[in-house]
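The values are calculated or read from the model by the stated rules, or taken from the named source; none is laboratory data. The structure displayed is predicted, hence computed values, not measured ones. Quick reminder, even Gly has a Cβ in these numbers, built from the backbone with ideal geometry, and neighbours come from all protein chains shown. Heads up: the accessible areas ignore ligands, DNA and RNA and are worked out on the full protein's heavy atoms, side chains in. Shrake-Rupley method; radii C 1.70, N 1.55, O 1.52, S 1.80 Å.
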Amino acid sequence: MTSKAPDGSVHDLNCLTIAELQQHAYTRMDKQTRDYYNEGADSGSTLQENLDAYKKYRIRPRVLRDVSKIDTTRDIFGFKSSVPIGVAPTAMQCLAHSDGELGTARASRKMAVPMGLSSFATTTLEDVADASAEIPNVLQLYLFEERAHSLKLIARAKKAGYKAVFLTVDTPILGRRNLEIRNQFKLPPHFKIANFAEEEEPALGDETTENSANQAKGRSKAKAGSTAGYTEGGKRVTPTGPITFHTHAANPTLCWENDIEWLKEVCCPEMEVWVKGIATAEDAILAVHHQVRGIVVSNHGGRQLNGALATLDALPEVVEAVRGQIPVHVDGGIRHGTDVFKALALGADFVWVGRPALWGLAYKGQEGVELMLRLLSDEFRLCMGLAGVTKMDRSGFVARL
Ligand SMILES: Cc1cc2nc3c(=O)[nH]c(=O)nc-3n(C[C@H](O)[C@H](O)[C@H](O)COP(=O)(O)O)c2cc1C
Ligand SMILES: CC(C)CC(=O)C(=O)O
């Protein structure tokens, strides 16, 4: 059911908020997908605190400031994003809907916002680049201990025109996700971890046997015969638990000196190197020192270190440490336009949303992701107008309770 708003936009009357979108998605995903997407590490307290942190701030509205023209746009990677909101990289989007990453890419294009593609996507980076067209693409990278695998991916991303890599740095070891363990989470065999489907090693996406209730049939099965695990100290480690290909994301050897310098050498100048998963002033200073091009303040949506600071709480110290030398983005817990406003008012240059895009996909594929982006964009614009802001800057618009 839809209705037309006075400004000509169309409302989905069944879904007017991200919270409603989450509810609709809930009933459309099978249990293993729902649990995998929604859960946080351990007790989930950081996941919850990412959300609650936004409630600790109040907006200080200014009045009589002529808000007849509001500019919500933000430049990013040489592109004018319609709002300072991007879709964060999340793995295996075909689990939510057969549109998968292509649906997210097309929705992002339609809404003129950037999308981050997970290394562990169920669609190839080339197909996503094609679907994104003029929208700048960002490849999220897990740097494998076997650099050859990362090198291949980086070369492909360059060729496909990706503008930046976001190196995820908060996963030296995978966080403990109890529902994943209990459900013995596996990628159903009709999906593949597309960017590695041709690789012998790492053995991604081919250790699976289970089926899922929410599937797109007829997809090719990834190559069989390789083993799960990762290399540690030169030895192959095969996990005994149900977690299989996930283990490849974790690289305990990752460090500034070896890996960041190497990554810059192999990515630049075609692609910028950013770090995703910074949560302290100390690491922000190191990021500047190592000349990465930007930072995403993130705790992986509360899926890694439970007990870590909420990202909004970490943001001010990072912004202060960086002193404007490189852009600072933030993700985690953003569910309202007012959250976007608060993050920007506290110094973020841009925000990324993770789970809401997955809920959008589960609700209606591409259309659902568009809906999610439209809801957040409309709320953000409304918030700016009511707060008396025609162009976001960071001074004075929020107060902490
Ligand atoms: C199901 C799921 C899969 C994710 N996969 C990845 C990934 O492959 N790489 C990565 O760097 N972050 C990944 N993330 C983290 C997101 O990029 C982002 O940091 C987080 O979702 C932001 O929090 P939010 O979901 O509250 O918006 C994932 C998050 C979720 C929920
Ligand atoms: C393949 C996974 C490690 C992707 C991820 O980052 C996540 O599930 O949080």
Quiz item: In the stretch 294-391, which helices (runs of 4 or more DSSP H) lie fully inside it and hold 1 or more residues that are within 16 Å of ligand 2 (Cβ to nearest atom)?
Solution: 311-322, 355-364
Quiz prompt | Looking only at the stretch 97-126, and only at residues there that are open to solvent by 10 Å² or more (accessible area, probe 1.4 Å) and assigned to a helix (DSSP H, G or I), the one that is nearest to PHE191 (Cα to Cα) | solution = LEU102
Quiz item: Of all the residues that make up the stretch 13-59, how many are within 12 Å of GLY333 (Cβ to Cβ), basic (Lys, Arg) and either in contact (Cβ under 8 Å) with a residue 24 or more places away in the chain or touching a Gly at 6+ places or on another chain (Cβ under 6 Å) (or both)?
Solution: 1
Practice problem: Look at the stretch 1-13 and say how many of its residues are of a type outside the set (Asp, Glu), in contact with a strand residue (DSSP E or B) (Cβ under 9 Å, 6 or more places away or on another chain) and within 15 Å of ARG374 (Cα to Cα). | Solution: 7
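Count, please, the residues in the stretch 162-177 that happen to be out of contact with any Asp or Glu (no Cβ under 6 Å at 6 or more places or on another chain) and open to solvent by 10 Å² or more (accessible area, probe 1.4 Å).
Filtering the stretch 162-177 down to residues out of contact with any Asp or Glu (no Cβ under 6 Å at 6 or more places or on another chain) leaves 162-163, 165-175.
Those left that are additionally open to solvent by 10 Å² or more (accessible area, probe 1.4 Å): 163, 169-170, 172-175.
Residues meeting the conditions: 7.
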Self-check item: Residue list for the stretch 69-89, filter: within 16 Å of ligand 2 (Cβ to nearest atom) and either surrounded by fewer than 24 Cβ atoms within 10 Å (Cβ to Cβ) or not in a loop (DSSP other than H, G, I, E, B) (or both)
Solution: VAL87
Quiz item: Out of all the residues in the stretch 118-149, which are without any contact (Cβ under 8 Å) to a residue 24 or more places away in the chain and within 16 Å of ligand 2 (Cβ to nearest atom)?
Solution: none
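Taking the condition of being open to solvent by 20 Å² or more (accessible area, probe 1.4 Å), over 13 Å from VAL273 (Cα atoms) and out of contact with any helix residue (DSSP H, G or I) (no Cβ under 7 Å at 6 or more places or on another chain), how many residues in the stretch 139-161 meet it?
Of the residues in that region, 8 qualify.
Taking the options GLN32, GLN22, GLN48, name whichever one is under 21 Å from SER98 (Cα atoms), within 16 Å of ligand 1 (Cβ to nearest atom), part of a helix (DSSP H, G or I) and open to solvent by 70 Å² or more (accessible area, probe 1.4 Å).
Numbers: GLN32 fails: open to solvent by 70 Å² or more (accessible area, probe 1.4 Å); GLN48 fails: under 21 Å from SER98 (Cα atoms).
Sole residue among the options that is under 21 Å from SER98 (Cα atoms), within 16 Å of ligand 1 (Cβ to nearest atom), part of a helix (DSSP H, G or I) and open to solvent by 70 Å² or more (accessible area, probe 1.4 Å): GLN22.
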Quiz item: Only one residue in GLY365, GLY347, GLY388 is open to solvent by less than 20 Å² (accessible area, probe 1.4 Å) and out of contact with any Lys or Arg (no Cβ under 6 Å at 6 or more places or on another chain). Which one?
Solution: GLY365
Quiz item: Under 7 Å by Cβ, and 6 or more places apart or on different chains, what pairs join a residue from the stretch 86-106 that is acidic (Asp, Glu) with one that is not in a loop (DSSP other than H, G, I, E, B)?
Solution: ASP99/LEU361; ASP99/GLN366; GLU101/GLN93; GLU101/LEU117; GLU101/VAL128
Quiz item: Which residues, taken from the stretch 143-171, are modelled with pLDDT of 95 or more and part of a loop (DSSP other than H, G, I, E, B)?
Solution: ALA160, GLY161, TYR162, LYS163, VAL169, ASP170, THR171
Self-check item: Cβ-Cβ under 7 Å pairs, at least 6 apart or on other chains, the stretch 161-174 side in contact (Cβ under 8 Å) with a residue 12 or more places away in the chain, far side aromatic (Phe, Trp, Tyr) and within 9 Å of ligand 1 (Cβ to nearest atom)
Solution: THR168/TYR142; THR171/TYR142
